[in-house]
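Following: one structure in structure tokens, then a few remarks.
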Amino acid sequence: MAASALLMVGVVGCAGEPTSSGGQASSDAASTDAKIEAIFSGSQTLNGTDLTYPEGKPELRLFRVELPAGGKIPLHTHPAPMLVYVQATDSGELLNTRVQPDGREVSSVFKPGESFIEGASEPHYVENKGDTPTVVWVMVASVEGLPTTEWIK
């Protein structure tokens, strides 16, 4: 995520810079400027745990996950933190259920366009209780050789 933040800062820093002639870009050129909108940032997981990153050679991973209507990804954990974004268009909602250390289950529904952070080693499962597919984009801040998902039997 740090790399993503640096990229965003670099891109945002480019917007509105003076042109080579020393003045601001004309209004005609403004229509070709990139539009950058911050969608989400956070430093804690859904359980309120501060983010930690694994040791090793950093590796960012991006996944598109399509969960069919009625689909479920069973109980699992992730050894590295991940940022999850429920696609804003052509997607259903995502139900995320976290199993707490005392065995209680805490659930949250994420609507299209919403995001959240999943932490390392926090058991959970996700479901699509709707009647249309749910599409999520997942960015994992991991290290080379570390699995993305660890299944709980």
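The values are calculated or read from the model by the stated rules, or taken from the named source; none is laboratory data. Nothing here was measured: the structure is a model prediction, and the numbers come from that model. Reconstructed Cβ throughout: ideal geometry from the backbone, glycine too, with neighbour counts over all protein chains shown. The area values use the complete protein model at the heavy-atom level, side chains included, leaving out ligands, DNA and RNA. Shrake-Rupley method; radii C 1.70, N 1.55, O 1.52, S 1.80 Å.
Of K35/K72; K57/K111; K72/K111; K129/K153, which sit over 25 Å apart, Cα to Cα?
From the list (K35/K72; K57/K111; K72/K111; K129/K153), the Cα-Cα distance tops 25 Å for K35/K72; K57/K111.
In the context of the full protein assembly, I36 retains an accessible surface of approximately 60 Å², using a probe radius of 1.4 Å and ignoring ligands and nucleic acids. Using heavy atoms of the protein chains and a probe of 1.4 Å, the accessible area assigned to K129 is about 150 Å². Quick check: the distance between the Cα centres of the stretch 90-110 and the stretch 45-80, to the nearest angstrom? Distance between centres, Cα-based: 13 Å.
Which FRET efficiency, nearest 0.05, do R64 and K35 yield, Cβ-Cβ r, R0 30 Å?
Working: r = 22 Å, r/R0 = 0.74.
Once rounded, the FRET efficiency stands at 0.85.
Relative to the current alpha-carbon distance between N47 and T149, full extension at 0.36 nm per residue lengthens the span by 34.9 nm. So for the stretch 61-117, averaging the separation of alpha carbon pairs under 8 Å that are six or more residues apart and normalising by length, what relative contact order in percent results? Normalised by residue count, the contact order of the stretch 61-117 is 35 percent.
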